[in-house]
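The values are calculated or read from the model by the stated rules, or taken from the named source; none is laboratory data. Bear in mind the structure is a predicted one, so any value in this text is a computation, not a measurement. Glycine gets a Cβ as well: all are built from the backbone with ideal geometry, and neighbour counts include every protein chain shown.
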2 protein chains.
Amino acid sequence: MTDNVVMTRLSTEQADFSEALDALLDRRMIEDPQTSKIVADILHDVRSRGDDAVVDYSRRFDRFTGSLVSELEVSKAQMQASLDSLDASLADALHTAAERIRHYHEHQKQPSWQYEEDDGSVYGQYVVALERVGIYVPGGKANYPSSMLMNAIPAKVAGVDEVIAVVPTHYGDDAGGAGRLIFAAAAIAGVDRLFTIGGAQAIAALAFGTDTIPRVDKIVGPGNVYVTAAKKQVFGEVGIDMIAGPSELTVVCDGKTDPDWIAMDLFSQAEHDEQAQSLLISTDKEFLDQVAASIDRLLPTMERRDIIRSSLQNRGALIFAPDLDAAMRISNQIAPEHLELSVAEPELWLEKVRHAGAIFLGRHTPEALGDYCAGPCHVLPTSGTARFFSPLGVYDFQKRSSIINCSPAGAARLAPVAETLAQNEHLQAHALSAAWRIPGRK
Amino acid sequence: MTDNVVMTRLSTEQADFSEALDALLDRRMIEDPQTSKIVADILHDVRSRGDDAVVDYSRRFDRFTGSLVSELEVSKAQMQASLDSLDASLADALHTAAERIRHYHEHQKQPSWQYEEDDGSVYGQYVVALERVGIYVPGGKANYPSSMLMNAIPAKVAGVDEVIAVVPTHYGDDAGGAGRLIFAAAAIAGVDRLFTIGGAQAIAALAFGTDTIPRVDKIVGPGNVYVTAAKKQVFGEVGIDMIAGPSELTVVCDGKTDPDWIAMDLFSQAEHDEQAQSLLISTDKEFLDQVAASIDRLLPTMERRDIIRSSLQNRGALIFAPDLDAAMRISNQIAPEHLELSVAEPELWLEKVRHAGAIFLGRHTPEALGDYCAGPCHVLPTSGTARFFSPLGVYDFQKRSSIINCSPAGAARLAPVAETLAQNEHLQAHALSAAWRIPGRK
């Protein structure tokens, strides 16, 4: 336990730096065929047998002892009772976090828009909220009432009619402990219905609907490999937010931040689970050694030191870059979920960021503040997917319809263009449908 | 050929109306396991063998006779030469359509935003374009240069650095005919690189990269079942836009539009392919009969009458609803890709629309105008997925990063909240990482 942590060291001075970094990141997403098959069978079974299948899997995988899905529902009264039973300081913290999350996400709401052309035609985009969504809040190696807030509040801000949350079954068995926090968070977030159903069976129930669980239009939130595989398989039949992998943090530091702070920031990522990845890029070799020393000194004081050690040794790295421009290039190659710019004048470096889920600027912005209460959502693209995914947000719970409203004059103006193109695509009905709106053509 | 078209008739007066409509829509997405397996093998092979595998599959499935992927690339000079060779009227139509598509999509561009709190902390969202995207433009039963414009222009408006288009191999064999139109459209749209590679092998090459084809961050555009299955399988490793099914149109009509116009609008959808779906909902039973008569009279004059007949008989329907409120409820149950509101004062009915990909308002706005040149994108959510998907748009080619920039005072204010929540989640490193930013705590 007092052994030093042996972390990977990388440097841009290595000839094979880029390959070594790629190997460390290990981003190839190869699905395990066995997991896919297990999940496909569960999906098929829940689609066919509905509630009965949900009960069976919850009994088999999650030690559920009842016989009805309705026993797995947590009523609004129970959510509220859980909230009422919390210590005032904890309830206050949850309320403050919720209020800040709500405030931030109000900025994301997208309005409908339209414009009129001089012929009187109107074009635009009509934006409405999704009707019903499911949110998955995982259990796993920690207990995340904060995730309930982070998933549900953007949906409510968007104006979703009905938000259905699912959490692993064990929360129902522990309604006085971990469950109480989750249920209280659900009350604060305004969740409409809550079921203690986990795993692929929860995703299946939300995607297809059962007699007890209504079918939703979109499922969001991270989960374990079964949940992730199930989300991917139902994608298309319902919407999903993203494909989530292990959580990760990249810190870019100019060497002027307290090394203990940086060590603790890396720990905060590593303590999630062994697969979490904490990377530090610095332009100061001595600073990398100082952080390594801080890690060794601080690790024995940490409650989750075994997880942290495993994560740092197997997945972490201390990376030297000759200057901050190089550091930013490495960061963009990583496309991190969380990026801390622990540097002087961090705003100046922001424009060098091309790929990151969330960017934490300055020495006083540790990722942990973003995890709980800064305001932005902590459901973020992982494993390099910040190249194309965005944080979960209000926009995930809104959808758009194009609006086309041609005046007779507008139709007469556009129809010849459409007719020409349709004829060249050999689509005669398209050509006539357009042309007949020209006066005198039909 | 002169036989009457036998179309399904539905009415809300039927006791089993809702079930009958669901049966007609047939929205269960069950993937064919054989297709999935074939596609998985192709993906695996292209990932392993790169260019060689792309060549092999293009030879096997697409009658490619060469031996190098580079032979399948269409240069910018070739694209421009194709454009230069077009008739002026056709080139003008393409330019007009492109200009209108560009103008509409400029409205979709989302800016970065931020706000400052009174403690000097800044929160916001940083919006940037994707770096490199792939667009798939299908071949199939028609030839769609318009799709090249509709896919590529929103990407260019977003500011994507490199747009790589792929089209089926046969366009390369027909560089003087159908290929010329597609290549010309690519030139107008500003496509950066173009390959005549189709099918799952094209999706694989874009998703994983090969020696010749660069790896992209997102793949958009509809295709056949192999393309769709491939996009779904690579999703997560790259972004994709949506899961596309057959195209469909729902017309809601108050009975006051020329029945020939409505018949031709239904034809314009049906002529795409046999699986296309054309539905008419009217509050006027006689009007439904008039449209049926128009269909019978007009069908023999149509070049694609066999496809139209098959589509209308197997997938189409004439639906009676007692009033427009009921018609709108049916339309929302359908969640159509294209919705024509061919009614008086269509703006008043817009707010009753909850689910539709694109909405065409008024008697003078046939879907065909939207397909080519109104401005909005014609890549739209199909098969009821307008419940959660949106039209392809500039937002598909932009991504967001959350911005958190805490001042020392802001960190000191947030840290106690984060600390309380982290302690309750038993995440000690999170708690300390936050708390150490409070003066005097470390």
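Matching residues to (1) buried (at least 19 other Cβ atoms within 10 Å of the Cβ); (2) hydroxyl-bearing (Ser, Thr, Tyr); (3) in contact (Cβ under 8 Å) with a residue 60 or more places away in the chain:
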| residue | (1), (2), (3) |
| --- | --- |
| B:116 | no, no, no |
| B:128 | no, no, yes |
| B:132 | yes, no, yes |
| B:144 | yes, yes, no |
| B:154 | yes, no, yes |
| B:157 | yes, no, yes |
| B:167 | yes, no, no |
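Can you confirm whether residue B:343 is within 10 Å of another protein chain (Cβ to nearest Cβ), over 19 Å from the mean Cα position of the chain (by Cα) and of a type outside the set (Phe, Trp, Tyr)?
On the way: within 10 Å of another protein chain (Cβ to nearest Cβ): no; over 19 Å from the mean Cα position of the chain (by Cα): yes; of a type outside the set (Phe, Trp, Tyr): yes.
No; evaluated as a whole, the condition is false for this residue.
So residue B:263 fits all but one of (1) without any contact (Cβ under 8 Å) to a residue 60 or more places away in the chain; (2) under 22 Å from residue A:415 (Cα atoms); (3) more than 10 Å from chain A (Cβ to nearest Cβ); what number is the exception?
Evaluating residue B:263 over (1) without any contact (Cβ under 8 Å) to a residue 60 or more places away in the chain; (2) under 22 Å from residue A:415 (Cα atoms); (3) more than 10 Å from chain A (Cβ to nearest Cβ) leaves (3) as the failure.
Which one of the conditions (1) more than 14 Å from chain A (Cβ to nearest Cβ); (2) buried (at least 24 other Cβ atoms within 10 Å of the Cβ); (3) under 18 Å from the mean Cα position of the chain (by Cα) does residue B:222 fail to meet, given that it meets all the rest?
Unmet for residue B:222, out of (1) more than 14 Å from chain A (Cβ to nearest Cβ); (2) buried (at least 24 other Cβ atoms within 10 Å of the Cβ); (3) under 18 Å from the mean Cα position of the chain (by Cα): (1).
Can you tell me which of (1) surrounded by fewer than 22 Cβ atoms within 10 Å (Cβ to Cβ); (2) more than 25 Å from the chain's Cα centre (by Cα) is the one residue A:123 doesn't meet?
(1)
Check segment A:307-314 and report whether any residue there is touching a residue at least 12 places away in the same chain (Cβ under 8 Å), buried (at least 23 other Cβ atoms within 10 Å of the Cβ), within 13 Å of chain B (Cβ to nearest Cβ) and under 15 Å from residue A:250 (Cα atoms).
Yes, there is a match, as at least one residue in segment A:307-314 is touching a residue at least 12 places away in the same chain (Cβ under 8 Å), buried (at least 23 other Cβ atoms within 10 Å of the Cβ), within 13 Å of chain B (Cβ to nearest Cβ) and under 15 Å from residue A:250 (Cα atoms).
Yes/no matrix, rows are residues, columns are (1) of a type in the set (A, V, I, L, M); (2) out of contact with any Phe, Trp or Tyr (no Cβ under 9 Å at 6 or more places or on another chain); (3) in a loop (DSSP other than H, G, I, E, B):
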residue	(1), (2), (3)
B:124	no, no, no
B:133	yes, no, no
B:155	yes, no, no
B:175	yes, no, yes
B:184	yes, yes, no
B:201	no, no, no
B:211	no, yes, yes
B:215	no, no, yes
B:223	no, no, yes
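Only one of these is among the hydrophobic types (A, V, I, L, M, F, W, C) and more than 27 Å from residue A:400 (Cα to Cα): B:317, B:230, B:293, B:321. Name it. Write out each step before concluding.
On the way: B:317 fails: more than 27 Å from residue A:400 (Cα to Cα); B:230 fails: more than 27 Å from residue A:400 (Cα to Cα); B:321 fails: more than 27 Å from residue A:400 (Cα to Cα).
The match here is B:293.
Which ranges mark the helices (runs of 4 or more DSSP H) fully within segment B:16-115 that have 3 or more residues being under 30 Å from residue B:316 (Cβ atoms) and within 14 Å of chain A (Cβ to nearest Cβ)?
Details: elements: B:17-25, B:33-49, B:51-62, B:76-84, B:88-106.
Of the helices (runs of 4 or more DSSP H) lying wholly inside segment B:16-115, those with at least 3 residues that are under 30 Å from residue B:316 (Cβ atoms) and within 14 Å of chain A (Cβ to nearest Cβ) span B:33-49, B:88-106.
Identify, please: which residue in segment B:417-436 is in a loop (DSSP other than H, G, I, E, B) and within 47 Å of the chain's Cα centre (by Cα) and is, among those, surrounded by the most Cβ atoms within 10 Å (Cβ to Cβ)?
Filtering segment B:417-436 down to residues in a loop (DSSP other than H, G, I, E, B) leaves B:425-427, B:436.
Still in the running and within 47 Å of the chain's Cα centre (by Cα): B:425-427.
Working: B:425: 20, B:426: 15, B:427: 27.
Out of the qualifying residues, it is B:427.
Evaluate segment A:237-257: report whether one residue or more is surrounded by fewer than 24 Cβ atoms within 10 Å (Cβ to Cβ), of a type in the set (Lys, Arg) and assigned by TED's automatic domain parsing to the domain that holds residue A:41.
No: zero hits.
Starting from segment B:269-287, take each residue that is among the aromatic types (Phe, Trp, Tyr) and list its partners that are not in a loop (DSSP other than H, G, I, E, B), counting only C-beta distances under 9 angstrom and pairs at least six apart or across chains.
These pairs meet every condition: B:287/B:253; B:287/B:259; B:287/B:262; B:287/B:280.
Test residue A:82 against the criterion of being free of Cβ contacts under 8 Å to residues at least 40 places away in the same chain and polar (S, T, N, Q), and give yes or no. Please lay out each step first, then the result.
Numbers: free of Cβ contacts under 8 Å to residues at least 40 places away in the same chain: no; polar (S, T, N, Q): yes.
Spelling it out, it is not the case that residue A:82 is free of Cβ contacts under 8 Å to residues at least 40 places away in the same chain and polar (S, T, N, Q).
So how many residues does segment B:401-416 have that are more than 7 Å from every other protein chain (Cβ to nearest Cβ) and surrounded by fewer than 24 Cβ atoms within 10 Å (Cβ to Cβ)?
So the count comes out to 4.
Please indicate, with yes or no, whether at least one residue in segment A:142-151 is modelled with pLDDT of 95 or more, assigned to a loop (DSSP other than H, G, I, E, B) and more than 12 Å from chain B (Cβ to nearest Cβ).
no
Residue by residue through segment B:62-87, note down the ones that are hydrophobic (A, V, I, L, M, F, W, C) and over 21 Å from residue B:209 (Cβ atoms). Quick ask: steps written out before the conclusion?
Narrowing segment B:62-87 to residues hydrophobic (A, V, I, L, M, F, W, C): B:64, B:68-69, B:72, B:74, B:77, B:79, B:81, B:83, B:86.
Across segment B:62-87, the qualifying residues are B:77, B:79, B:81, B:83, B:86.
Pull up segment B:383-442, narrow it to residues that are of a type in the set (Ser, Thr, Tyr) and free of Cβ contacts under 8 Å to residues at least 40 places away in the same chain, then point me to the one that is nearest to residue A:92 (Cα to Cα).
The qualifying residue nearest to residue A:92 (Cα to Cα) is B:420.
Among the residues that make up segment B:239-250, is at least one of them hydroxyl-bearing (Ser, Thr, Tyr), touching a helix residue (DSSP H, G or I) at 6+ places or on another chain (Cβ under 8 Å), within 28 Å of residue B:50 (Cβ to Cβ) and not in a strand (DSSP E or B)? Before you say what the answer is, go through the steps one by one.
Taking segment B:239-250 and keeping what is hydroxyl-bearing (Ser, Thr, Tyr), we get B:247, B:250.
Narrowing further to those that are touching a helix residue (DSSP H, G or I) at 6+ places or on another chain (Cβ under 8 Å): B:247, B:250.
Of the ones still in play, those that are also within 28 Å of residue B:50 (Cβ to Cβ) are none.
Scanning segment B:239-250 turns up no residue that is hydroxyl-bearing (Ser, Thr, Tyr), touching a helix residue (DSSP H, G or I) at 6+ places or on another chain (Cβ under 8 Å), within 28 Å of residue B:50 (Cβ to Cβ) and not in a strand (DSSP E or B).
Go through (1) on the phi < 0 side of the Ramachandran plot; (2) within 14 Å of chain A (Cβ to nearest Cβ) and name the single condition residue B:236 misses.
(1)
Looking for whichever is free of Cβ contacts under 8 Å to residues at least 60 places away in the same chain, at the interface with chain A (Cβ under 7 Å from one of its Cβ atoms), within 19 Å of residue B:247 (Cα to Cα) and in contact with an Asp or Glu (Cβ under 9 Å, 6 or more places away or on another chain) here; the options are B:357, B:370, B:362. Which one fits?
Details: B:370 fails: in contact with an Asp or Glu (Cβ under 9 Å, 6 or more places away or on another chain); B:362 fails: within 19 Å of residue B:247 (Cα to Cα).
Of B:357, B:370, B:362, the one residue that is free of Cβ contacts under 8 Å to residues at least 60 places away in the same chain, at the interface with chain A (Cβ under 7 Å from one of its Cβ atoms), within 19 Å of residue B:247 (Cα to Cα) and in contact with an Asp or Glu (Cβ under 9 Å, 6 or more places away or on another chain) is B:357.
Listed here are the residues, each with its yes/no results for (1) over 24 Å from the mean Cα position of the chain (by Cα); (2) modelled with pLDDT under 95; (3) surrounded by fewer than 16 Cβ atoms within 10 Å (Cβ to Cβ).
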residue	(1), (2), (3)
A:30	no, yes, yes
A:39	no, no, no
A:45	yes, no, no
A:53	yes, no, no
A:63	yes, yes, yes
A:77	yes, no, yes
A:83	yes, no, no
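Does segment B:173-186 hold any residues that are in contact with a strand residue (DSSP E or B) (Cβ under 7 Å, 6 or more places away or on another chain) and over 7 Å from residue B:82 (Cβ atoms), and which are they?
Going residue by residue through segment B:173-186, those that are in contact with a strand residue (DSSP E or B) (Cβ under 7 Å, 6 or more places away or on another chain) are B:183, B:186.
Selection gives B:186 alone.
Table: residues versus (1) of a type in the set (A, V, I, L, M); (2) under 30 Å from residue B:423 (Cα atoms); (3) away from every other protein chain (no Cβ under 14 Å).
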{"site": "A:177", "(1), (2), (3)": "no, yes, no"}
{"site": "A:196", "(1), (2), (3)": "no, yes, yes"}
{"site": "A:215", "(1), (2), (3)": "no, no, no"}
{"site": "A:218", "(1), (2), (3)": "no, no, no"}
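Given segment B:276-395, what strands (runs of 3 or more DSSP E) lie entirely inside it while holding 3 or more residues that are closer than 22 Å to residue A:435 by Cα?
Numbers: elements: B:277-282, B:317-320, B:338-342, B:358-361.
Strands (runs of 3 or more DSSP E) meeting the threshold: B:277-282, B:338-342, B:358-361.
When you look at residue B:398, is it at pLDDT 95 or above, more than 7 Å from chain A (Cβ to nearest Cβ) and surrounded by fewer than 24 Cβ atoms within 10 Å (Cβ to Cβ), yes or no?
On the way: at pLDDT 95 or above: yes; more than 7 Å from chain A (Cβ to nearest Cβ): yes; surrounded by fewer than 24 Cβ atoms within 10 Å (Cβ to Cβ): yes.
For residue B:398, the condition - at pLDDT 95 or above, more than 7 Å from chain A (Cβ to nearest Cβ) and surrounded by fewer than 24 Cβ atoms within 10 Å (Cβ to Cβ) - is met.
Scan segment A:151-199 for residues that are more than 24 Å from residue A:63 (Cα to Cα) and polar (S, T, N, Q) and jot them down.
Correct list: A:151 only.
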